[in-house]
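We did not get these values from a lab; they are worked out from the coordinates using the rules stated. For clarity, every value in this text was computed on a predicted model and none was experimentally measured. Methodologically, a virtual Cβ is constructed for each residue, glycine included, from the backbone with ideal geometry; neighbour enumeration extends over all protein chains shown.
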Amino acid sequence: MSINGQAYIVGAYEHPLRKAPDKSLAQLHAEVALGALADAGLSKDDVDGYFCGGDVPGTGPFSMVDYLNLKVRHADSTNIGGASYILHVNHAAQAIAAGKCDVALVTLAGRPRSEGVPKGGLKRADSPVQPDYAWETPFGMTILNVYAMCAMRHMHEFGTTPEQLAWVKVAASHHAQHNPNAMLRDLVTVDDVLNSTLVADPLHKLDCCIVSDGGGAVIVTRPEIARQLKRPLVKIRGAGEAVKHTAGGAIDLTYSAGRFSGAAAFAEAGLTPADVKYASVYDSFTITVIVQLEDLGFCAKGEGGRFVADGNLIAGVGRLPVNTDGGGLCNNHPFNRGGITKIIEAVRQLRGEAHPAVQVANCDIALAHGTGGMLGTRHGGATLIMERE
Amino acid sequence: MSVLREALDHQPETKAFWSELAEGRFKLRHCRACERAHWYPRAICPHCASPETEWRPASGQGTIYSYSIARTAAQPFAIAYVTLAEGPTMMTNIVGSDFAEIAIGKPVEIAFGHQVEDGITLPVFRLA
């Protein structure tokens, strides 16, 4: 069964706050849910499917379905970290195609900034029951230094430079200056990145994403309902997902699960990277974008550093506008999970509702891709390809 | 009890690794069916799914596959992936070495006696 054309994204909403000390986690989920429903022209009582990741309070969908007082006949709380929400749209489309639900709600929210979750050196939310725990955590492994090891290996094998890494942040800042809600709106240069604190070789502070409160939600529905609503039609063309890991010790840090999720998504969509006018690409760190662009096929393996350099990701300047909201590097990374914002900006671009300064002309095909978990140990990849109808 | 001790207690299948390492013997899990070593150690071979796995003495020799220096830690340290002479690549620390000397491809050897907490010894490496 293919999901190509079986479902549409009809609602998308990003919370305007980046710091929310006075709101509860459940409240943030509810606010983004209602925002996305209002955007679609639907009400909470239309929702019959709920999709959430590991950021919801409580066990899976229970507490949020209760808090919102929803009546759902389908729920899915698959958790692949920050990429979960991109996967959820895939699962929602599958459920809709199979007749398991009609209106699917996907939410992400969090308040790590208000709760004082440590930046940079953030430890994984790992349990000592995990079989891998004792072989990684005792060595001081953090999200930051594992991604740093991926960058180090990429530089070694392909000659990628710190300047090329920095260009990913520079592009994000060029976009974020136009986003009034972005957490960081100042333009930065390659030198600014290289002169920021070296936090884990070869990554500098400005190679790392922000920590923000907030969230976002999207609504997925079947074609008949989408056509009754008043929003521009954003059709799901294809999706893919994959899990990559340490392979019994045969680990290769130079590629991500995106190699497989991207190929699956393009095959289902019947499209190629050359068809994509805009891409949301998970930017937990600058290296993440470079590795994923290669794995998705926007350039050859090892060419990512050269591909992102010289403004090639900047709307109106480069060949492939990426993360025109400012991404996780400058705009928003709620709950340390950016997946939902990747979908939302792609929807804005397809609808022609991105900021005029970053709107891609004739944006008919867009891609959203995420890597959740740890690029350098085990992670999930999810890719979604959408078309403006 | 430390979280690390709790983690080890959850994994009876690798108990021998830690007790052997504490006595200065570095062992790898090998599979008798496919004759490959793997990492991290498991009762069931991740390559061929055979349960016929066993501990074998390892050389303790390897090369650095990748690394980073965690510079914002209270005590900066080197984290690394080391590819062992027997094949598998494992996460570890490079200890007792000038950070500037650490590089991808450099040979390393296991450094015994690196106790961390609760008397637990970790498999760390130093430049050879």
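Using a cutoff of 8 angstrom between alpha carbon atoms and counting only pairs six or more residues apart, the relative contact order for chain A works out to 26 percent.
Can you compute the helix-only [θ] at 222 nm over the protein assembly as shown? Use -39500 (n - 2.57) per DSSP H run of at least 4 residues, normalise by all residues, nearest 500 deg cm²/dmol. Calculated at 222 nm, the ellipticity per residue is -8000 deg cm²/dmol. Take every Cα pair under 8 Å whose residues are at least 6 apart in sequence, average their separation, divide by the length of the range B:3-127, and the relative contact order is 21 percent.
Hey, can you rank B:14-20, A:252-258 by average C-beta count inside 10 Å, highest first?
Per-residue mean Cβ counts within 10 Å order the peptides as A:252-258, B:14-20.
Relative to the longest principal axis of the Cα atoms of chain A, the long axis of helix A:143-158 lies at roughly 60 degrees.
Classify the protein assembly as shown: rounded, prolate or oblate, from the alpha-carbon gyration tensor (a ≥ b ≥ c, eigenvalue square roots; a/c under 1.5 rounded; otherwise prolate if a/b is larger than b/c)? In terms of gyration-tensor shape, prolate. Using a Förster distance of 30 angstrom, determine the FRET efficiency expected from the C-beta separation of B:W55 and B:A100, and round it to 0.05. Rounded to the nearest 0.05, the efficiency is 0.25.
Checking the table A:K301/B:K106; A:K169/A:K205; A:K169/A:K342 against a 20 Å threshold on Cα-Cα, which pairs fail?
With Cα atoms farther than 20 Å apart: A:K301/B:K106.
Relative to the longest principal axis of the Cα atoms of chain A, the long axis of helix A:286-296 makes an angle of roughly 70 degrees. Classified by the C-alpha gyration tensor, chain B has an oblate form. Its axis ratio a/c, with a ≥ b ≥ c, is 1.5 or above, and a/b does not exceed b/c. Ordering of A:39-45, A:199-205 by packing is A:199-205, A:39-45, highest average first (other Cβ atoms within 10 Å, averaged per residue).
Tell me whether the range A:6-163 comes out rounded, prolate or oblate; compute the Cα gyration tensor, take square roots of the eigenvalues as a ≥ b ≥ c, and use a/c under 1.5 as the rounded threshold. Prolate, since a/c reaches 1.5 and a/b exceeds b/c. For A:K71, a cut-off of 23 angstrom between C-alpha atoms picks up these lysines, skipping any fewer than 8 places away in its own chain: A:K44, A:K100. Measuring nothing but how far apart in sequence close Cα pairs (under 8 Å, 6+ apart) lie, relative to its length, the range A:1-93 scores a relative contact order of 28 percent. For A:K230, the aspartates and glutamates whose Cα falls under 20 Å of its own Cα, not counting residues fewer than eight places away in the same chain, are A:E14, A:D39, A:D45, A:D46, A:D102, A:E345, A:E353, A:D364, A:E387, A:E389. Inter-chain Cβ neighbour count for B:60-70, averaged per residue, equals 6 (cutoff 10 Å, partner chain atoms only). Peptide A:146-159 has a mean of 4 when you count, residue by residue, the C-beta atoms of other protein chains within 10 Å of its C-beta.
Distance from the Cα centroid of the range A:4-74 to that of the range A:354-389 is 20 Å (rounded to whole angstrom). Taking A:S77, A:S173, A:S280 as the candidate residues, the one with maximal mean-square fluctuation in a Gaussian network model of chain A, Cα springs under 10 Å, is A:S77. Most simply put, chain A has about 75% antiparallel DSSP beta bridges, counting only bridges with both residues inside it. Among the residues of B:78-85, the average count of other protein chain beta-carbon atoms within 10 Å of the residue beta-carbon is 4.
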